[in-house]
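Undergrad: Below you will find the structure I want to go over with you.
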Amino acid sequence: MPASVGPLVAIRGNVIRGERPHINFEHVRYDSRVLSGIAGLIGKQLRIYFNVKDIRHLHAFHMDGSEPGVLTAARPWCFTPHSLRVRQKIFSLIHQRKLSVREGGDPVGAWFAYKKEQARSHTRDADDLARMLTDRAKSHQALPSAVVAHAAPAVKSEAPAAEAPARKTPDAPWLTQIFTFG
């Protein structure tokens with residue numbers, strides 16, 4: 001799949017109020033050390049690319065093609081993997097006052113608990129829950145072995161190395177699932 005053009009977002013912030021440069025995407029603030037350290041970027045635009053299955057991180061590029069790095073969602077959105085669709089549903093339920101999230105609480109965890117309760121009587125909620133679990137399982141399988149090695153502590157395997165199945169993973173799994181706005 002060829003890389004497509006991502007959406008443009010404005011860099012926000014206010015030097016007078018001490019508000020560091022950041023962007024807002026889908027109701028959540030994103031920043032990085034590089035971006036938040038350069039006040040001269042306020043008002044400029046970035047083009048962003050992301051994996052629709054896990055939007056905790058955005059890949060940002062200046063208009064000249066240089067890269068300020070990966071932008072990370074603000075707490076608590078940076079902790080639990082979630083898709084663009086799940087985030088949109090969370091904010092929809094909050095707006096409808098069907099879901100409330102405690103200050104500092106995990107909105108994805110609250111959504112999961114809500115859907116789990118609703119799944120007992122509503123097929124659509126059960127489907128949403130199953131889709132999220134399937135996406136999460138697939139994203140764990142698609143992680144490159146170097147990332148997996150750093151993410152989890154080493155565990156001694158009881159099976160010989162020759163019996164372990166080999167798994168081919170792409171170098172940049174996020175690149176194969178770029179979301180574009182039409």
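Undergrad: Restricting attention to segment 45-56, and to residues there that are among the β-branched types (Val, Ile, Thr) and in a strand (DSSP E or B), which single residue is farthest from the chain's Cα centre (by Cα)?
TA: Ile48
Undergrad: A further question on this structure: Quick check: anything in segment 96-115 part of a helix (DSSP H, G or I) and either touching a Phe, Trp or Tyr at 6+ places or on another chain (Cβ under 6 Å) or of a type in the set (Lys, Arg) (or both)? Before you say what the answer is, go through the steps one by one.
TA: Our first condition is that a residue be part of a helix (DSSP H, G or I); within segment 96-115, this holds for 107-115.
Within this subset, residues satisfying the condition of being either touching a Phe, Trp or Tyr at 6+ places or on another chain (Cβ under 6 Å) or of a type in the set (Lys, Arg) (or both) are 115.
Taking every residue of segment 96-115 in turn, at least one turns out to be part of a helix (DSSP H, G or I) and either touching a Phe, Trp or Tyr at 6+ places or on another chain (Cβ under 6 Å) or of a type in the set (Lys, Arg) (or both).
Undergrad: Moving on to the next point. Taking the stated definitions as given, is Gly65 of a type outside the set (S, T, N, Q) and either in the same structural domain as Lys138 (by TED's automatic domain parsing) or outside any strand (DSSP E or B) (or both)? Before the answer, list the steps.
TA: Values: of a type outside the set (S, T, N, Q): yes; either in the same structural domain as Lys138 (by TED's automatic domain parsing) or outside any strand (DSSP E or B) (or both): yes.
In short, yes.
Undergrad: Specify the residue that is modelled with the lowest pLDDT; the eligible residues are those in segment 62-80 that are surrounded by fewer than 18 Cβ atoms within 10 Å (Cβ to Cβ) and in contact with a helix residue (DSSP H, G or I) (Cβ under 7 Å, 6 or more places away or on another chain).
TA: Taking the candidates together, the pick is Gly69.
Undergrad: Just the residues that are hydrophobic (A, V, I, L, M, F, W, C) and under 17 Å from Met132 (Cβ atoms), please, taken from segment 74-93.
TA: Hits for segment 74-93 are Trp77, Phe79, Leu84, Val86, Ile90, Phe91, Leu93.
Undergrad: Next question, about the same structure. Let me spell it out: the conditions are (1) farther than 19 Å from Gly6 by Cβ; (2) out of contact with any Leu (no Cβ under 6 Å at 6 or more places or on another chain); (3) surrounded by 17 or more Cβ atoms within 10 Å (Cβ to Cβ), and His59 meets all of them except one. Which number is the exception?
TA: Result: His59 passes all but (1).
Undergrad: Hey, Lys116 hits all of (1) modelled with pLDDT of 90 or more; (2) surrounded by 12 or more Cβ atoms within 10 Å (Cβ to Cβ) but one; which does it fall short on?
TA: (1)
Undergrad: Sticking with this one: Just to verify a result, which residue in segment 26-44, among those that are in a loop (DSSP other than H, G, I, E, B) and hydrophobic (A, V, I, L, M, F, W, C), is modelled with the highest pLDDT?
TA: Filtering first and then ranking leaves Ile42.
Undergrad: If only one of Leu84, Leu99 is touching a helix residue (DSSP H, G or I) at 6+ places or on another chain (Cβ under 6 Å), over 23 Å from Arg20 (Cβ atoms) and not polar (S, T, N, Q), which one is it?
TA: Leu99
The values are calculated or read from the model by the stated rules, or taken from the named source; none is laboratory data. What you are looking at is a predicted structure, and each value in this text was computed from that prediction instead of being measured. We place every Cβ from the backbone using ideal geometry, glycine too, and count neighbours over all the protein chains shown.
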